[in-house]
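Enquirer: Take this structure first; my questions come after.
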Amino acid sequence: MIRILGFFAVLLLVSCEEKEVTSSPQELRQKLSFHINVQKAKDGDDIKYIRKFIKKVIKGRQKSLPGKLWDLPTFYLTPYGVAVNGGRAKPKGADGMWYKFESDYTYAYGRYDQVVGSGIYHYADSDEFCVMLDNDSQVEPKLFKLLSSSEMFNFVGQPIMLIDDGKGERMLWKNFAQDGFLETVKINHQLHNGSQIVMKMEPTRPVASAQ
């Protein structure tokens, strides 16, 4: 009996973490149409290495910073506004789009009844950082600062910076604007993220209107 329970426990762990995939060009274009997946990499950025590093970061934070997820897994999130030229505009092409964060640190996104993509994440209420890693190897990892109200989540994009201060490589969480500090360390990798997305909490997934 114990062996059987152990077997199902292993199956559960495997199912909670989806394997990395590589989408077709058409599937990738569909994933990148979602505002949270906007590509920010520049020539020479090592996305494969950064993704591998971010996966370790997410797993480490899941163990060390379990925290409270508050309303994040309770609702579907739908794009309500995006930052444009210092202001906020209605997101284009967002009809039917949704994001769903689960309490097991997986997330999915799609349009109406179609699931388009998925990944793993970590959010800690102690520092309000949300780290996201899509299961598609071609999609960049993302770091957001999450600000919330009673009806909205504001995803404020943060740069991913991997630095070496002489004691090994680590991810920089603060001092983004302190150039003096950055001059004292070696920046091994960085990935920009200027996206800002306001998400509305919805109790159910969007439903397409009848034609």
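The values are calculated or read from the model by the stated rules, or taken from the named source; none is laboratory data. Here the structure is a predicted model, which is why all the values come from computation and not from measurement. Note that each Cβ is placed from the backbone with ideal geometry, even for glycine, and that neighbours are counted across all protein chains shown. Only protein heavy atoms, including side chains, enter the accessible area calculation; ligands, DNA and RNA are left aside. Shrake-Rupley method; radii C 1.70, N 1.55, O 1.52, S 1.80 Å.
Enquirer: Please identify the helices of the chain, taking whole runs of DSSP H, that span at least 18 Å along their own axis as judged from the Cα atoms and have a mean Kyte-Doolittle score of 0.5 or higher.
Expert: Details: long enough: 2-16 (21 Å, 2.45); 47-64 (25 Å, -0.74).
Counting only whole DSSP H runs, the qualifying helices are 2-16.
Enquirer: Translational diffusion coefficient, Stokes-Einstein: compute it for the chain using the Kirkwood radius over C-alpha pairs as Rh, at 20 °C and 1.002 mPa s, and state it as an integer in µm² s⁻¹. Please list the in-between numbers first.
Expert: On the way: Rh = 18.4 Å.
This corresponds to a translational diffusion coefficient of 116 µm²/s.
Enquirer: Which far-off residues, 5 or more places away or on another chain, put their amide H under 5 Å from the one on H189, with H placed in the peptide plane?
Expert: Amide H neighbours of H189, under 5 Å, 5+ apart: L162.
Enquirer: Name the lysines eligible as straight-distance cross-link partners of K52: C-alpha to C-alpha under 29 Å, and not fewer than 8 places from it in the same chain.
Expert: Within the straight-line cut-off, K52 pairs with K19, K31, K40, K42, K63, K68, K100, K142, K145, K167, K174, K186.
Enquirer: For the stretch 97-211, compute the orientation-averaged projected area of the C-alpha convex hull (one quarter of its surface), in nm².
Expert: 9.4
Enquirer: Could I ask something else about it? Just to compare against my own numbers: the Cα pair-distance distribution for the stretch 93-164, 10 Å bins, whole % per bin, please.
Expert: Going from the shortest bin to the longest, the percentages are 17, 47, 31, 4, 0.
Enquirer: Please give the length that would be gained between M152 and T74 if that part of the chain were fully extended, namely 0.36 nm times their separation in residues minus their C-alpha to C-alpha distance (nm, one decimal).
Expert: Details: separation 78, 0.36 × 78 = 28.08 nm, distance 1.26 nm.
26.8 nm is the gain from fully extending M152 to T74.
Enquirer: Once phi is turned into θ = phi - 60°, what whole-Hz ³J(HN,Hα) does the Karplus curve with 6.51, -1.76 and 1.60 give for every residue of the stretch 123-135, x standing for Gly and Pro?
Expert: After applying 6.51 cos²θ - 1.76 cosθ + 1.60, I find 10, 10, 5, 5, 10, 6, 8, 10, 9, 10, 9, 5, 6 Hz.
Enquirer: Arrange the peptides 108-119, 131-142 so that the one whose residues have, on average, the most other Cβ atoms within 10 Å appears first.
Expert: On the way: 108-119: 16.6, 131-142: 21.5.
Going by the mean number of other Cβ atoms within 10 Å, highest first, we get 131-142, 108-119.
Enquirer: Run lengths n ≥ 4 of DSSP H only: what is the helix-derived mean residue ellipticity at 222 nm for the chain, with -39500 (n - 2.57) per run over all residues, to the nearest 500? Working shown, then result.
Expert: Numbers: 4 runs with 45 residues, N = 211.
When only DSSP H runs of four or more count, the value is -6500 deg cm²/dmol.
Enquirer: Something else: Where is the GNM fluctuation largest for the chain (alpha-carbon springs, 10 angstrom cutoff): P159, P66, P79?
Expert: Taking springs between Cα atoms under 10 Å, the residue moving most is P66.
Enquirer: Relative to a virtual label point 7 Å from the Cα of E202 in the Cα→beta-carbon direction, which members of the stretch 93-114 show backbone nitrogen distances below 16 Å?
Expert: 93-101, 108-114
Enquirer: Could you compute how much accessible surface R88 exposes when probed at 1.4 Å, giving the result in Å² to the nearest 10?
Expert: Roughly 150 Å² of R88 is accessible to a 1.4 Å probe.
Enquirer: How high is the relative contact order of the chain? Use alpha-carbon pairs under 8 Å, at least six apart in sequence, and give a whole percent. Before the final figure, lay out the partial values.
Expert: Numbers: 364 pairs, mean separation 49.0, N = 211.
The normalised contact order for the chain reaches 23 percent.
Enquirer: Treat every Asp and Glu Cβ in the chain as -1 and every Lys and Arg Cβ as +1, leave all other atoms uncharged, and give the resulting dipole magnitude about the Cα centre to the nearest 20 debye. Kindly include the intermediate steps, with their values, before the conclusion.
Expert: Working: 28 positive and 25 negative charges, 26 e Å.
Rounded to the nearest 20 debye, it is 120 debye.
Enquirer: Sequence-distant or interchain residues sharing an amide H contact under 5 Å with M97, placed H: which?
Expert: Y112
Enquirer: Grab the beta carbon distance between D165 and S24, set R0 = 45 Å, and tell me the FRET efficiency rounded to 0.05. Each step should come with its number before you reach the end.
Expert: Details: r = 41 Å, r/R0 = 0.91.
Plugging the Cβ-Cβ distance into 1/(1 + (r/R0)^6) gives 0.65.
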